[in-house]
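Contents: one structure, followed by commentary.
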Amino acid sequence: MILSVVEQFPVLVIVVSLLSAFTILIAGWLNKKSCWVISFATILVQLVMAVFILHHVLTVGTIHYWLGGWSPPWGIEYVVDALNAYILVIVLSLALICVTYSKRSIAHELPQKIVSFYTLYQLLVTGLCGVTVTGDIFNMYVFIEIFSLSAYALIASRGKIALKASFTYLVLGSIGACFFLLGIGFLYSVTGSLNMHDLSLILPPLYENKVVQAAFVFFVVGLSIKMALFPLHTWLPDAHSFAPSEISAMLSGIIIEVSTYALIRVSFSVYTVAFIKLLPIFDFLCWVAAFGIIIGSVLAIAQYNLKRMLAYSSVSQMGYIMLAVGLSTSTHSALWGGLTPALMHILNHALMKGCLFLVAGAFIYKAELWNITDFQGLGRKMPYTCAAFMLAAISMIGVPPSVGFVSKVYIILACLESGKFIFVAVMLLSSLLNLVYFWRVIETMYMKRGEGEERSHSHSSSSKIDEIPLSMLIPVLTLAGLCIIMGVVWLTEIPLPILDQVNALFGLGRYAIP
Amino acid sequence: MILIDEPLMYAFVAFWIIWVAVRRKEPGRWLIKFCEGPLMTFARFIDFYVMRMAGFFVWVSKNPMVALRIKEKEVRLKVEKPVITPKKAEEYERGLEEVRIRYTKELPRLSLGASILLILLFFLVYLAMYLLTVH
Amino acid sequence: MEQLIPIPYRPLLAILCPAIGSIFIVLFGKRPNIRESWTMLASIAQFLIVFSMVPIVIGGNGEPIKYTLFTAFPSVDFGFSVDAFGLIFAITSSFLWILVSSYSIGYMRSLHEHAQTRYYFCFCWAIFGAVGVALSGNLFTMFVFYEILTVSTYPLVAHDQTPEALFAGRKYLAYLLTAGGFFLAAVVITYYFTGTTDFVTGGIPNLASEASRTALMALFALFLLGFMKAAWMPFHSWLPTAMVAPTPVSALLHAVAVVKAGVFGIVRVVCYIYGVDLMHGLGLGLVLACLATFTIIVANLFALAQDNLKRRLAYSTINQLSLIIFGVALLSPEGIEGAMMHIPFHGFMKITLFMCAGAIIVVSGKKNISEMAGIGKEMPVTMIAFTIGALGMCALPPTAGYITHHFFVHGCEEAGGTMSFFPYVLLIAAILDVMYFFPIIYTAFFAKSEGSSGSKINEAPLFMLVPIAITATVSIIFFFYPDLFHISELVETAVSSLGGVHP
């Protein structure tokens, strides 16, 4: 079998990343400064490869790569179709942005642990990419463990209370992984195969089999823990708020999304739409997601710590994504049918939450500001950072033409088409709740005056601009800009063909068999 | 077409001007009094209750668990007060105070055990649904 | 002009004027003179571009100027469609922006306000939103600009940054963004039913056939809730609260741009989404008329009780906005004509009143009517302008208010049936108007001031006085010549193209 260069890329993305993790470890002994450079360069190369993969998938078709040349049912196969390619690009873009940001912030926050940070970070990226490209369900489990373990370690890296947060995440994450593994075991016991494509061929006659059905439930529960779907989100707020900010951004923007990707992959590639229509689980998921949306937002209002607030907001946003996934089997429009809203919101959420967490990190970096009430006057002190925060917050609220607005419209349209009007109300209510907790921050940053600060008529002298370094500012501003630019791009429907291909792959949306 | 109300309108304006010129006071003081008094009181009453309701929701959302407990204790105190001894009522009130103080403190975090319990419950619900619907 | 800017690009360019202006305002934030000249430049340019579209629209027999940026959903374009009705609102907003810019310069400098760059910047974006609403070609585009308008006005409302102003800002956002949620739901549901959100003269044809009667009623309720900007009761209380904003903001945004965007939306929905026939068939006209008259009367009663001048004006605004809604609710050509015409007319008159209130604050710091005894002798020009505006509010000649009042009364008769009872309600409303505007004039000119420091003339700076004089004069000119700025011609074009208006 002769492969073109691009068809080698799926495995290269992982190999390069894994090798780079070890290189960082070794190079770090010699020179601490080299760690960042290596990590940055690797992720950049990976991103370029991912873009090529995406282009190849869209123009030529799905890439199959057999590891070691072993053909599928026995060997491990990497399969990259429109869905993985799209997710892969998102993962690596945000990883690149976070690594750029981490240069100064880690030097400031964890000066003793630079080497181990970047090693773990690279392992995390490896795990995330691995989950994305693999076409083998056991291999997926392995990569889930790799990225989870590195995430546990990264969260714990600040020490003290972060250790406890990490421990909670470790226990719950392991339970989730166990559920996932049990699901795999059940399937293997029935079919004797671990290859996703192979499974999808063997399974249909067995859909009435109790073991197969129970396995699906195990997958859903296991991954729900990993993606912090309400009410299994309990590990998330602590983990998000005590991790270093770039890791919070990765956690919220990528890690829980990749778990969602895993669920989508299992639901539609291992099982199929026909199976999902057999069980009412997706309806159930919709309701759970709707509760998650509301309760996550309400809990976010209760927080005073910015990062905790953002963490609860993530719980609510995961509800958006799961609601969209839950609706995917009952919508048939060419535009908002199938997985389009869900996948769209995965990208949008990565942009918005990534930006917000990085900004929260900037406040901590500059002045150790954790609580919203301490943000008075920041609007003048750090104008660019605050402007970025505002853009991202406005997107979260869903003011047009931001990305949040586009997601909102698409999900509402999907709700309408499947006739579930109650979810329309949930979406609208949630955007109001978003408004409540985000506006509070914006108001404090720009409008509230400190106690000592008198109403100064002249141009106040006390407000000197004191911005974060450029290497942190550029990632923040890039994400904030993208929040608006991507919104317009979504509205022009340019990237929709990618998502359309995903629907075609799984027989969703307009490709559904009536 | 002749406008019915136009002459009436001019008549009123003329009346107003003459009244002011003669009496040195604006006509219709009773209406203005009514608006400043009862009407505004009513408007403020409505506004007050709407704002209080909104405030209540915000208050509850700040710490839902404890807020519910406070409400529950308040109601119980009100219901049971006529029947129980004053000493017991005092005890109740002290309990209420305690919860109120706790309210201002930080949110209770769910412990690890509770989280695992939640997961199991979640799983049970799934299984229950699955058993109920498949047959 | 024709060669300078190709016609289809003009709507886009008109929108972009304030956007580009805002960038320069920030760039020159440290140099007030240059900064403010950019505001003036942007406003004048915008007005000229908007005005240049008037002959084309009138000449084109109601054929709108269309410009599409991109297609967001099948048959939902993000783009503009400039018709006669939209132009009326656009002309009003953009022309008054010129005057208010000049007024702002005087006001903000006299009071040494802080954060002036932010103020001018947000002002630009508010106008961007307002003119965008006016020129947008479908509900979707309108929604986008509507939300931009809401968000960009917040910093203006909370400008003082006092706890009171912050509270007002919060209330403002809470009301209007909630409304935005309803509006979005309404837009999406309309799209779901009909597959389009375009404004069609006479209503979207397949709306009646696609949705049930109940659904249409519920949808209309959603639209009404979405247009809370029109401050109909009982969802009005954000407007008086928002009066803590600096006066130019109250003047332009709370008498012209923001609230008018609300009524503009209602007129759009009634005439261009539902269509007059469908409204009639559903019996929604009467419902809307009742809602409007309720607001008219109650707002006037509330106004009577206010001593703060700006708050009194705010209630008067609520009353007048509902008058516009009332005109549309009549569903008769004259009523709709009156409603459309009242948008610019009321804009000019109310802005005069607000600017006068601001001038009084700048010169004497007085905010309450009871303190204004004898102020007419100190500030004769301001108070004469105020009198003209007040006469307009009471629908007395020789002001623009008289003309539209005629239209409304004729509209009632034209509609017939239950509607012929409504002129009496209008009469009561006008009488109440007299009862709370005349005392102000009386106090200002005839009551004796206690301090009586001698009646030395002490007027506001020219930057403020000139706009006041212009708007007051225009309010009178409208009485004699309603076709100023081609307003009446545009209104006729708009109403005639509405087609099957019910007798």
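The values are calculated or read from the model by the stated rules, or taken from the named source; none is laboratory data. None of the values given here were measured: they were computed from a predicted structure. Here the Cβ positions follow ideal geometry from the backbone for every residue, glycine too, while neighbour counts run over all protein chains shown.
In table form, for the structure just shown:
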{"item": "Single condition residue A:225 does not satisfy, out of (1) over 19 Å from residue A:346 (Cβ atoms); (2) of a type in the set (A, V, I, L, M); (3) touching a Gly at 6+ places or on another chain (Cβ under 9 Å)", "result": "(1)"}
{"item": "Qualifying residue in segment A:203-224 (condition: buried (at least 17 other Cβ atoms within 10 Å of the Cβ), away from chain B (no Cβ under 14 Å) and modelled with pLDDT under 90)", "result": "yes"}
{"item": "Residue count, segment A:155-168 (criterion: in a helix (DSSP H, G or I) and out of contact with any Phe, Trp or Tyr (no Cβ under 7 Å at 6 or more places or on another chain))", "result": "4"}
{"item": "Candidate set: segment C:67-126, residues that are of a type in the set (Gly, Ala, Ser) and part of a strand (DSSP E or B); chosen: the one farthest from residue C:52 (Cα to Cα)", "result": "C:72"}
{"item": "Hits in segment C:419-472 (condition: of a type in the set (Gly, Ala, Ser), modelled with pLDDT under 90 and closer than 29 Å to residue C:99 by Cα)", "result": "C:430, C:444, C:455, C:460"}
{"item": "Residue identified as at negative phi, surrounded by fewer than 24 Cβ atoms within 10 Å (Cβ to Cβ), of a type outside the set (Lys, Arg) and within 12 Å of chain B (Cβ to nearest Cβ) among A:298, A:273", "result": "A:298"}
{"item": "Matching residues in segment A:54-81 - criterion: being part of a strand (DSSP E or B) and in contact with a Pro (Cβ under 9 Å, 6 or more places away or on another chain)", "result": "A:63, A:64, A:65, A:66, A:78, A:79, A:80"}
{"item": "Residues that are hydroxyl-bearing (Ser, Thr, Tyr) and more than 12 Å from chain A (Cβ to nearest Cβ), drawn from segment C:50-95", "result": "C:52, C:67, C:81, C:92, C:93, C:94"}
{"item": "Subset of segment A:480-499 (residues that are buried (at least 21 other Cβ atoms within 10 Å of the Cβ) and either within 21 Å of the chain's Cα centre (by Cα) or closer than 24 Å to residue A:274 by Cα (or both))", "result": "A:480, A:482, A:483, A:486, A:487, A:490, A:499"}
{"item": "Residue tally, condition part of a helix (DSSP H, G or I) and surrounded by fewer than 20 Cβ atoms within 10 Å (Cβ to Cβ), over segment A:409-423", "result": "3"}
{"item": "Given (1) within 23 Å of the chain's Cα centre (by Cα); (2) part of a helix (DSSP H, G or I), number of the condition residue A:374 does not satisfy", "result": "(1)"}
{"item": "Residue A:51 of a type in the set (Val, Ile, Thr) and in a helix (DSSP H, G or I)", "result": "yes"}
{"item": "Condition broken by residue C:141, with the remaining ones in (1) under 30 Å from residue C:39 (Cβ atoms); (2) touching a residue at least 40 places away in the same chain (Cβ under 8 Å); (3) surrounded by fewer than 24 Cβ atoms within 10 Å (Cβ to Cβ) satisfied", "result": "(3)"}
{"item": "Any hit, segment C:370-385, residues being within 14 Å of another protein chain (Cβ to nearest Cβ), in contact with a helix residue (DSSP H, G or I) (Cβ under 9 Å, 6 or more places away or on another chain) and part of a helix (DSSP H, G or I)", "result": "yes"}
{"item": "All helices (runs of 4 or more DSSP H) inside segment C:409-500 with 3 or more residues being in contact (Cβ under 8 Å) with a residue 12 or more places away in the chain, away from every other protein chain (no Cβ under 14 Å) and closer than 21 Å to residue C:315 by Cα", "result": "C:462-480"}
{"item": "Selection count, segment A:328-359, where residues are assigned to a helix (DSSP H, G or I) and within 14 Å of chain C (Cβ to nearest Cβ)", "result": "3"}
{"item": "Options A:309, A:250; residue that is outside any loop (DSSP other than H, G, I, E, B) and within 13 Å of another protein chain (Cβ to nearest Cβ)", "result": "A:309"}
{"item": "Listing of helices (runs of 4 or more DSSP H) fully contained in segment C:194-266 that carry 2 or more residues being within 27 Å of residue A:419 (Cβ to Cβ) and touching a residue at least 40 places away in the same chain (Cβ under 8 Å)", "result": "C:207-210, C:213-226"}
{"item": "Elements of type helices (runs of 4 or more DSSP H) contained in segment B:11-82, each with 3 or more residues being among the small types (Gly, Ala, Ser)", "result": "B:40-62"}
{"item": "Flag for residue A:384 being away from chain C (no Cβ under 14 Å) and farther than 23 Å from residue A:256 by Cα", "result": "no"}
{"item": "Unmet criterion (only one of (1) under 23 Å from residue A:412 (Cβ atoms); (2) surrounded by fewer than 23 Cβ atoms within 10 Å (Cβ to Cβ); (3) modelled with pLDDT of 85 or more) for residue A:333", "result": "(3)"}
{"item": "Of all residues in segment A:365-402 being modelled with pLDDT of 85 or more and among the small types (Gly, Ala, Ser), the one that is farthest from residue A:442 (Cα to Cα)", "result": "A:402"}
{"item": "Subset of segment A:168-184 [facing chain B (nearest Cβ under 9 Å) and surrounded by fewer than 17 Cβ atoms within 10 Å (Cβ to Cβ)]", "result": "A:171"}
{"item": "Verdict on residue C:388 being in contact with a Ser or Thr (Cβ under 9 Å, 6 or more places away or on another chain), modelled with pLDDT of 90 or more and part of a helix (DSSP H, G or I)", "result": "yes"}
